[in-house]
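Please treat every number below as a calculation from the coordinates, not as lab data. Note that this is a predicted model, so its numbers are computed, not measured. Every residue, glycine among them, receives a Cβ derived from its backbone with ideal geometry; neighbour counts consider all protein chains shown.
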Amino acid sequence: MERKLSPGEVTSAVFSLLARDALVALGTIVALAAMVMVFDRIVPPYGANFVGIPISIVAFFATRRLIARQGVQSARRAGSIVWFVLCSLVSSLGIVLGFFFLVLPGLYICVRWLMAGAALVAEDLGPFAALGRSWEATRDHVVPITLALLLIFVPAIVAMAVMVTAGFVAGQRGTYDPTIVNTVMVVGNLLVYASAVACWYLAVALYQLLAAPAETGLDEVFA
């Protein structure tokens, strides 16, 4: 009988990875937030729409590094960066379409495809094979993964609430304070990309828990 993951097991695994890699994770968060704000300045107000592929490229190198460090790469070489970016685009499209249909389908698709990038890198898969690999591996673990994902997205939810509230208050007062706006944007972007980067670590943790070669050992997640 297949072992069932618990919410605590998933969250412990991802936060263990983050704790061991705190400086790198923090640096990545700051770099991504800065990149988005620079693009917002160059092509306001839609700069964030142009950073999807650059963020996917950063995600690829971060995932490849984690996979190598955890010793769970089963293929002779890491998966292709081109396939990784394509996989990210396809999964993002599927998730967005799912959220369009009353949110829950999008959350479900996100959970089932969450491990795809890590599987692609570790096993040198194509994008659709990686999505299928993730779908199969997460089949019996939707609830604990969902709870872990929602916990990880708390910073992004807080950021959205802060930015919407600040915008509403400014609109009600009819004032525009550049200092307040810039502060809100900086904090908001840092929180949003904290959630995004944590998702990359969650993907690797899930791969190690659910799909890594048996000889790797689950205890290495927490090493």
(request) Could I have the simple spin-label model distance between ILE57 and ALA34, label points 7 Å from Cα toward Cβ, reported in nm to one decimal? (result) 1.7 nm
(message) As an exercise, find the ratio Rg/Rh for region 10-147 from alpha-carbon atoms, using the Kirkwood inverse-distance average for Rh.
(response) 0.98
(message) For region 45-120, take N as its residue count and report Rg(C-alpha) divided by 2.2 N^0.38 Å.
(response) 1.22
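I need the calculated FRET efficiency for the pair ARG20 and VAL90, taking r as the beta carbon distance and R₀ as 25 Å, to the nearest 0.05.
0.25
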(request) Provide LEU23, LEU18 in ascending order of the number of other Cβ atoms located within 10 Å of each residue's Cβ, fewest first. (result) LEU23, LEU18
(request) Rank the residues PHE60, PHE100 as a footprinting-exposure proxy: fewest other Cβ atoms within 10 Å of their Cβ go first. (result) PHE100, PHE60
(message) Quick check on the exposure proxy: order SER56, SER74 from fewest to most C-beta atoms within 10 angstrom.
(response) SER74, SER56
